[in-house]
Protein chains: 2
Amino acid sequence: MRVVIALGGNAMTAPDGTARPDDQQRAITAAMETVADLVAAGTEVVLTHGNGPQVGNLLVKNELAAGVVPPVPLDWCGAQTQGTIGVLVLDALDAALARRGVGKRTAALVSRTLVDRDDPHFAAPSKPIGRYLTAEEARVMIQHGQVWQDRGERGWRRVVASPEPRQCLDAAAARTLVDAGYVVVCAGGGGVPVVRHDDGSLYGVEAVIDKDLTAALLTEALDADGLVIATDVDAAVVGWGSAAARPLGEVSAAELRALADSGEFAEGSMGPKVEAACRVAASGRWAAITSLDQIAAALAGRVGTRVAS
Amino acid sequence: MRVVIALGGNAMTAPDGTARPDDQQRAITAAMETVADLVAAGTEVVLTHGNGPQVGNLLVKNELAAGVVPPVPLDWCGAQTQGTIGVLVLDALDAALARRGVGKRTAALVSRTLVDRDDPHFAAPSKPIGRYLTAEEARVMIQHGQVWQDRGERGWRRVVASPEPRQCLDAAAARTLVDAGYVVVCAGGGGVPVVRHDDGSLYGVEAVIDKDLTAALLTEALDADGLVIATDVDAAVVGWGSAAARPLGEVSAAELRALADSGEFAEGSMGPKVEAACRVAASGRWAAITSLDQIAAALAGRVGTRVAS
């Protein structure tokens with residue numbers, strides 16, 4: 001069985017979401033124990049991951065050092081996190097596999113995701129990133145061409161476009177490696193967003209891509225059997241916050257889509273996970289939404305929100 | 001013919017060595033025209049690259065933002081540059097290959113290099129990195145465990161260990177991709193330095209690895225025919241600065257080693273390139289030291305310092 005696992009923030013930050021280097025290392029080392037168990041049991045695993053807190057830190061560094069060294073664009077920050085998270089995953093996974101006597105090799109690919117130049121999200125950026133600034137500080141960044149929004153009491157926050165992922169440009173390399181027996185890390189942070197110009201040239205763009213939507217694309221590109229979206233809850237919940245709240249177990253794609261359309265899932269968190277799961281199901285594969293600890297149980301059909309076509 | 005090409009700073013920074021994002025993009029785009037020509041001519045190319053100015057910028061950001069976001073270790077900075085330089089190379093090379101009608105695919109690997117925990121360089125760090133600080137500023141960093149040296153008029157500078165590269169941990173993945181027909185970017189910045197503890201666990205270490213020495217290891221690990229070290233001069237020069245100065249053309253490994261032993265080559269610049277070339281020759285392959293523009297001529301045996309076993 002070939003499975004893409006999309007690791008959420010809790011697999012690579014402290015429980016409170018902070019991302020000091022030792023927090024990241026500790027969380028990733030723990031997560032790789034789970035992944036190594038799956039690999040040892042014979043599952044072909046492809047890993048992808050989020051990078052929100054890590055990119056947040058890099059944006060602050062950009063800002064505070066801008067008078068001395070040139071800031072790098074947002075897409076470069078994403079590429080930077082593919083490097084650091086990639087190394088941490090490789091180190092931890094290599095050691096965890098070796099301890100289990102598993103001879104599998106690992107590889108992490110720098111990965112880009114193609115988006116449309118005329119994606120409507122570019123005209124209406126709405127994804128908040130980085131830290132809050134005062135109105136005055138935000139004004140300076142706005143003069144530099146960035147879009148910032150007044151978020152009330154906490155201050156102003158930068159918003160960027162979150163365009164639709166169209167193609168994982170490096171999925172073929174990932175597939176070559178997976179077919180050769182590697183556990184592969186790719187499309188970190190949803191992939192570094194790039195656009196293709198009319199003359200064929202490729203350029204990075206300042207945007208963020210939802211990592212779960214990219215993971216759905218990747219699942220198809222790698223001809224994986226399914227996608228596991230690993231997050232901090234065991235399953236998606238309907239009726240969240242009400243007395244009738246219940247975790248969703250096995251559910252059809254049509255049923256899940258209907259629940260999503262009725263506004264059951266929060267836009268910035270469970271929403272895109274459900275959307276990714278629906279897309280995977282639409283491509284004739286299965287998807288599961290569960291916690292990191294429950295992946296094996298979810299693969300066995302005992303836990304988690306599981307959706308099939 | 002399979003060739004490893006080690007790209008120096010001038011392939012990815014402005015002529016004066018600065019590394020603003022647009023400088024990097026412009027230099028890499030130009031370098032990839034040369035690489036695409038080689039690939040179009042049927043050469044199997046593996047790329048590796050330096051990252052000094054890029055890491056320098058990241059260290060300054062670390063420093064200036066330390067009060068707000070946690071600094072990351074030096075090895076993480078190296079990993080970050082593998083991400084950014086990797087994406088720039090992939091974008092530029094994909095476009096350059098497409099323009100030539102070459103169907104080759106590209107891939108960039110996050111890459112680690114194993115070093116010995118007890119490498120003697122750790123006890124005597126000597127490789128200068130990052131910017132100069134005042135004695136007072138340096139004192140703060142020294143209290144944080146870093147080693148800084150008084151460099152006279154320009155101020156104090158951090159020095160770190162530059163241990164011997166022992167193994168390219170991700171060379172097997174690179175080889176799988178090269179064998180499958182990919183143009184592969186790997187071991188950027190000499191690879192992210194890691195050590196293996198007695199229990200088998202792997203940890204990054206704060207060090208820099210000479211990219212040309214890693215490239216020599218990589219040449220052997222990939223079973224390449226040879227290594228081209230691309231720099232800003234057409235050939236290594238003997239008698240540098242004297243009236244008898246002359247570029248070295250074809251030279252035997254023994255002859256080159258003897259010249260190196262007599263102190264002909266500057267320690268921080270041509271020295272490691274010559275050392276890397278000698279090591280490649282010792283493994284029964286050829287090496288060339290030449291400028292980016294002259295790689296094709298060097299492969300044809302017309303230009304550059306060319307050393308065979």
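The values are calculated or read from the model by the stated rules, or taken from the named source; none is laboratory data. Here the structure is a predicted model, which is why all the values come from computation and not from measurement. With ideal geometry, Cβ positions are generated from the backbone for all residues, glycine too; neighbour counts draw on all protein chains shown. With ligands, DNA and RNA removed, areas are computed over all heavy atoms of the protein, side chains included. Shrake-Rupley method; radii C 1.70, N 1.55, O 1.52, S 1.80 Å.
Kindly provide the set of residues from region B:196-220 that are facing another protein chain (nearest Cβ under 10 Å) and in contact (Cβ under 8 Å) with a residue 12 or more places away in the chain, ordered by number.
B:Arg196, B:His197, B:Leu202, B:Gly204
The rows are residues; the columns are (1) part of a loop (DSSP other than H, G, I, E, B); (2) among the small types (Gly, Ala, Ser).
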position: A:Val233; (1), (2): yes, no
position: A:Trp240; (1), (2): yes, no
position: A:Ala243; (1), (2): yes, yes
position: A:Val251; (1), (2): no, no
position: A:Glu255; (1), (2): no, no
position: A:Ala258; (1), (2): no, yes
position: A:Gly268; (1), (2): yes, yes
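If I go through region B:180-223 residue by residue, how many of them are farther than 24 Å from B:Leu88 by Cα and aliphatic (A, V, I, L, M)?
7
Can you tell me which residues in region A:5-48 are closer than 13 Å to A:Gly188 by Cβ and either touching a Lys or Arg at 6+ places or on another chain (Cβ under 7 Å) or β-branched (Val, Ile, Thr) (or both)?
A:Ile5, A:Ala6, A:Ile28, A:Val46, A:Thr48
Can you go through A:Leu213, A:Leu217 and tell me which one is surrounded by 23 or more Cβ atoms within 10 Å (Cβ to Cβ), closer than 28 Å to A:Ala287 by Cβ and aliphatic (A, V, I, L, M)?
A:Leu217 is the lone residue from the list that is surrounded by 23 or more Cβ atoms within 10 Å (Cβ to Cβ), closer than 28 Å to A:Ala287 by Cβ and aliphatic (A, V, I, L, M).
I'd like to know if region B:223-246 contains one or more residues that are under 21 Å from B:Asp116 (Cα atoms) and touching a helix residue (DSSP H, G or I) at 6+ places or on another chain (Cβ under 6 Å).
The answer is no; no qualifying residue exists.
Taking the condition out of contact with any Cys (no Cβ under 8 Å at 6 or more places or on another chain), within 14 Å of another protein chain (Cβ to nearest Cβ), without any contact (Cβ under 8 Å) to a residue 60 or more places away in the chain and aromatic (Phe, Trp, Tyr), does A:Tyr182 pass?
No; evaluated as a whole, the condition is false for this residue.
Suppose we keep only residues that are among the charged types (D, E, K, R) and touching a helix residue (DSSP H, G or I) at 6+ places or on another chain (Cβ under 8 Å) within region A:128-156. Which one would you say is least open to solvent (accessible area, probe 1.4 Å)?
So, considering only residues that are among the charged types (D, E, K, R) and touching a helix residue (DSSP H, G or I) at 6+ places or on another chain (Cβ under 8 Å), the one least open to solvent (accessible area, probe 1.4 Å) is A:Arg131.
Out of region B:1-30, which residues are within 13 Å of chain A (Cβ to nearest Cβ), charged (D, E, K, R) and outside any loop (DSSP other than H, G, I, E, B)?
Within region B:1-30, B:Asp22, B:Asp23, B:Arg26 meet the criteria.
Can you tell me how many residues in region A:1-20 are in contact (Cβ under 8 Å) with a residue 12 or more places away in the chain and surrounded by fewer than 19 Cβ atoms within 10 Å (Cβ to Cβ)?
5
I'm trying to understand the selection: among the residues of region B:21-46, which are in contact with a Ser or Thr (Cβ under 9 Å, 6 or more places away or on another chain) and closer than 29 Å to A:Leu59 by Cα?
Within region B:21-46, B:Pro21, B:Asp23, B:Gln24, B:Ala27, B:Thr29 meet the criteria.
Among (1) under 30 Å from B:Arg196 (Cβ atoms); (2) touching a Phe, Trp or Tyr at 6+ places or on another chain (Cβ under 6 Å), where does B:Arg105 come up short?
Result: B:Arg105 fails condition (1) only.
I need the strands (runs of 3 or more DSSP E) fully contained in region A:31-127, keeping only those with at least 1 residues that are at the interface with another protein chain (Cβ under 9 Å from one of its Cβ atoms) and open to solvent by less than 10 Å² (accessible area, probe 1.4 Å).
Output list reads A:105-110, A:112-114.
For region A:271-287, which residues satisfy the criterion of being hydrophobic (A, V, I, L, M, F, W, C) and open to solvent by 30 Å² or more (accessible area, probe 1.4 Å)?
A:Ala282, A:Trp286
As an exercise: evaluate B:Pro163 against (1) under 18 Å from the mean Cα position of the chain (by Cα); (2) not in a loop (DSSP other than H, G, I, E, B) and give the number of the one condition it does not meet.
Here B:Pro163 clears every test but (2).
Anything in region B:233-268 that is under 18 Å from B:Asn10 (Cα atoms) and either among the aromatic types (Phe, Trp, Tyr) or surrounded by 13 or more Cβ atoms within 10 Å (Cβ to Cβ) (or both)? List them, or say none.
Matches in region B:233-268: B:Val233, B:Asp234, B:Ala235, B:Ala236.
Checking the structure you have, find out if any residue of region A:153-166 is within 14 Å of chain B (Cβ to nearest Cβ) and at pLDDT 95 or above.
No; the residues of region A:153-166 include none that is within 14 Å of chain B (Cβ to nearest Cβ) and at pLDDT 95 or above.
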